[in-house]
Structure formats: C-alpha cells, structure tokens
1. With respect to residue 432, is the statement that it is of a type in the set (Ser, Thr, Tyr), in contact with a Leu (Cβ under 9 Å, 6 or more places away or on another chain) and either modelled with pLDDT of 90 or more or part of a helix (DSSP H, G or I) (or both) true?
2. Is it true that residue 355 is surrounded by fewer than 24 Cβ atoms within 10 Å (Cβ to Cβ) and either touching a Gly at 6+ places or on another chain (Cβ under 6 Å) or not assigned by TED's automatic domain parsing to the domain that holds residue 77 (or both)?
3. Just one of (1) modelled with pLDDT of 85 or more; (2) more than 22 Å from the chain's Cα centre (by Cα); (3) not acidic (Asp, Glu) trips up residue 213, so point out which.
4. Give me the pairs: first residue in region 475-494 and acidic (Asp, Glu), second residue buried (at least 17 other Cβ atoms within 10 Å of the Cβ) and in a helix (DSSP H, G or I), beta-carbon distance under 9 Å, and six or more apart or on different chains, which are they?
5. Can you tell me which residues in region 166-176 are surrounded by 24 or more Cβ atoms within 10 Å (Cβ to Cβ) and either outside the structural domain of residue 408 (by TED's automatic domain parsing) or assigned to a helix (DSSP H, G or I) (or both)?
6. Kindly indicate the residue of region 219-254 that is under 25 Å from the mean Cα position of the chain (by Cα) and part of a helix (DSSP H, G or I) and also surrounded by the fewest Cβ atoms within 10 Å (Cβ to Cβ) among those meeting that condition.
7. Does region 131-176 hold any residues that are in contact with a helix residue (DSSP H, G or I) (Cβ under 6 Å, 6 or more places away or on another chain), within 30 Å of residue 113 (Cα to Cα) and aliphatic (A, V, I, L, M), and which are they?
8. Going by the structure shown, is residue 419 aliphatic (A, V, I, L, M), under 21 Å from the mean Cα position of the chain (by Cα) and surrounded by fewer than 20 Cβ atoms within 10 Å (Cβ to Cβ)?
Amino acid sequence: MGLQTIDYVIFLAYFFIVSGYGYWIYRQKKADHMDSKEYFLAEGSLTWWAIGASLIASNISAEQFIGMSGSGFAMGLAISTYEWMAAATLIVVAVFFIPIYLKNKIYTMPQFLSQRYNDSVSTIMAVFWLLVYVFVNLSSILYLGALAIETITGIDFYYCMYGCAIFAIFITLGGMKVIGYTDVIQVFVLVLGGLATTYLALDLVSDQLGGTGAWDGLGFLRQEAADHFSMILSEGEIMIPNGEGGTRDAYMDLPGLSVLIGGMWIVNLNYWGCNQYITQRALGADLKTARSGLLFAAFLKLMMPIIVVLPGIAAYVLHKNGLFQAEMANELGHIKPDHAYPVLLNLLPVGLKGLSFAALTAAIVASLAGKANSISTIFTLDIYRKFFNKNASETRLVGFGKITVVASFIIAIVVAPVLRNLDQAFQYIQEYTGFISPGVFAIFALGFFWKRTTSAAALTAAVLTIPLSTFLKFMYPEIPFLDRMGIVFVICMVLMIIITLLDPKSKNNPKGLEIDASMFKTTTSFAILSVLICGILAALYIAFW
C-alpha cells in the first residue's frame, strides 16, 4: 500500500495553497505591526464564515476520523450524538455565553475566572488547562495524526509526527487571523475528501451486495446493520469488541437517555462554551458576527456523521460479508474497530486517495494549530504577563507567545510516542478530560447566572472535581462515565450553592456579573435558523430512536 505519484502531487498542491494563503494573510498584517490582541484573537477581523469554519476545523481531528469511524463500526449511528448534540449546544452558547464574554471584554478563560472570582481560582485553572492542553490534547492529536498518516502512506511514524508539527507551527506563528482564514480551506478539503470516502464506501457496499450505486449502498446498510441505526441505546443492546477477543456493553459509552438529558450536555457545554481552544474564535468578533459563526458551525456539525460515522458502518457491513478479515484485526487477531477508516482509505482510487489524505492532514494540522494558539494565549496573558512581566510591551507579548508555541510542540513531540503504549488512546483522553469538565462547567454556569456565587465556592469545585471523579470511577466502575460526570456536576453545584448561602457577604457580591435580558435577544434570522436546526435534530432522533 502507499500513495501514488498523483496522490502526492494533489497533497503537495493542498500544502502549498494553505501555506501560501496563510503567508499572504500574515504579510498583509505585518506591515503595521501586530499587537497581542490581533495575534491571539484576530480582533475584529474574522468573518462569520471564517469563525464557523475555524471552529469545526479545530474540533475535527484524527480522533474523529479514526475514533468515530471505529465507533461507527462497533456501535453504529449512536456515536453521532456527540456531533448532533454539539449543534444544539452551539446555539445555547451563541445565545447565552458569548454575550456575557463580549460584554465583559473577556479574552481568555482564566481572565474570566480572575474577574468573576479571584486570582487563585484563575491560576489553578490556568495551570490545569495548560497541563491538559499540552500533555493530553496536543500530544494525543499529534500521536493519532502521525499514526493515521503512517497507516495510509507507510512513511515512518516519527517522520509523520515531525512533519505535522512543523506544518502546524508554521500556521500557528502567523497568529489567530492566519489560523482562522486557512481553516476555511482546511474545512473545504476536509468535507470534500470526507464525502468522497463515504460515497466510495457506500458504492463498494452496493457492489458487494448486488446493487447499483451509493444510494443502494445506503439501503443495504439499513438492512444488513439494522442494529447499528439506533440513537438511544439500552443496556445489552449492542455488545462491542474490547480489543482482547471479548466484548463489552456499548451502553457504558452511551448510556441511554443520558445523551439527551444528562452528562452529554456537560461534555458539550464545557467543550463549546468554557474552553479557550474553542471560544477564542468568537471572542475577537462583535456579537452578531460571533453568533452567525457559531450557527454556521452548528449546520456543519449536522453533516459530520455522514463523513465520520457512515464509513465505519459501511466497513462493518463489508467485514460482516467477508471482506477485510485480516485488515480489521490487531496483532493478536482480535477485531480492532479503529482500523475501519484507514482500511477504507486504502480502497480509494488514485487521486482521490491524495485528496482524502489531504483531508485527514487538514484536520490534524488545523487542530494542532488551534490548540497551540490557545496554549500560547493562556500562558502568555495569564501566567507570563501576570506573574513574570507585568509591563511587557505588545511586541514582547507576541514574541513570547511564539516561543510558547514552539516549546509546547517540543514537549508534545517528546510525549506523543509514549502514547503508543496505551491500548486505546482515545478512550483515555475522553475519560481524563471528563474528570475536570463537571467542576469547570459548574464554576462557569453559576459564575454567569448567579451573582452571589463566591470565590470560596468556585475554589471548592475546582479542587474537588478530580478527587470526586476518581473516587466514583474506582469505587463504582459500573457507572457509565457520562453518568459519572452528571453526578459529579450535581455534587459540585450543590456544594457551591451551600457554601455561597452560608456566606452573608455574598448578598452584595461586587464580583457578580451585570446581566440583563436584552443581552440574550437575537435577530429574527438567527431565531429562524436555530429553530430549523432544532427541527432537523428532532427529526433525526425520532427517525433513528
């Protein structure tokens, strides 16, 4: 296996277009010197379509292509709930969260915590975010990305890793504006390459089972894998391979109604609303532009399962009918669902393979660039400027931000190969990030909407979220992790409310945010499009319940 010359030509064309476009945008701004807000936030210069595309490009990476297709192979359409619930979440964030950030001139999440609570809460969370972003997120994206590229091209893992890192550093050093606008190309390539892979996978299913064309292939999927088209799983409904020759219950990953009314909301609201890596895209824009960008991202989210989940279900049907028996197995001969997407990419005709390879690389590089920019923003504005150089000039801040980008990639390059020892890196990442999400979201939610919430209450939630999650994981392993997050969130909220009510000074909390109903009013067009998205979501859940 490997790529043909034409595939490399297509990939190199993509590489030069993105790099050239990024450099052109960078030169345009370079003339009149960039200050820190422009570098970190592209202040005011991202359009709604650049914000929306950049959100999706930063969000979709190798773990979606490889991990979600693998989950599609194992448990089917149910895994799409991560994508579809995100569409609803983006509307909530656009209506309620973004106006609060913009009105209070928030540029980083620790800055919000500092303004709303105190420096202790802010610094604890800043340090924790930096550790998670560098050692978990940046490293895992680099590891899974290099692994995926190695699988497709046969190029050595280390070369793939260095290549991804250098390409991403080049994009990141141009600042947020370069990332935002190059992400538009990345998303276009990602969607085009992804749709091509899905089309050909369905076409292959159709050929194998005696149909004509991709549409017939979709029909065969519904017939051959009827159990893979259920959105709300019940206990014991689908047993999935555990990589060791046995099976485990998919319900532990997606526990029934929790995906609609439970822990999935905490995952999504924390990710899309309280996460520097994501909100940074919208923080530099005005309210109307930011909201339009988030709405555009929500529409893109609706179609993501077609690109990342359907190919996995197609691979399942093909495997069930005798294809890919060797390719879908690990070294011990047990089924490994995560092989589904790379196996399908190997089937693509010459030329299209190059396009899909470019799509995967686009997803990896865009995510790396977005993550590195966030690490740089938090470290420079919330640690370096606050504790080491209070009077740093704008030029100094931008320069330090660039050094931070390079340093974070050096750490990630050292850590990434270590992740090869993990059996399922993706599962570890989800669980590890899920240890902090409930506490963070509780701190933000009460900080936004309840003026009385005190710093002591926030500090309690920040300190307890990890020990509580750890206790429940090891003492009650039978609780699905989404439900565990819901339990920890409720405990944190209750403790925060009790601690606040016990403090008589909280009645006149000077740190409480000024909020009025007019902040949450939307335009008519926003309201109509939001209702349309919710209607599509309702139809999808009713159709595939």
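1. No: the conditions fail for residue 432.
2. Answer is yes for this residue.
3. If we test residue 213 against (1) modelled with pLDDT of 85 or more; (2) more than 22 Å from the chain's Cα centre (by Cα); (3) not acidic (Asp, Glu), just (1) comes out false.
4. From residues that are acidic (Asp, Glu), the pairs are 478/252; 483/258; 483/263.
5. Passing the criteria: 168, 171, 172, 176.
6. Per the stated criteria, the residue is 252.
7. 134, 136, 138, 141, 142, 168, 169, 171, 173, 176 - these are the residues of region 131-176 that are in contact with a helix residue (DSSP H, G or I) (Cβ under 6 Å, 6 or more places away or on another chain), within 30 Å of residue 113 (Cα to Cα) and aliphatic (A, V, I, L, M).
8. Criteria met by residue 419.
The values are calculated or read from the model by the stated rules, or taken from the named source; none is laboratory data. It should be emphasised that the depicted structure is a prediction, and the values quoted were computed from it without experimental measurement. Counting neighbours? That spans all protein chains shown, and the Cβs are built from the backbone with ideal geometry, glycine included.
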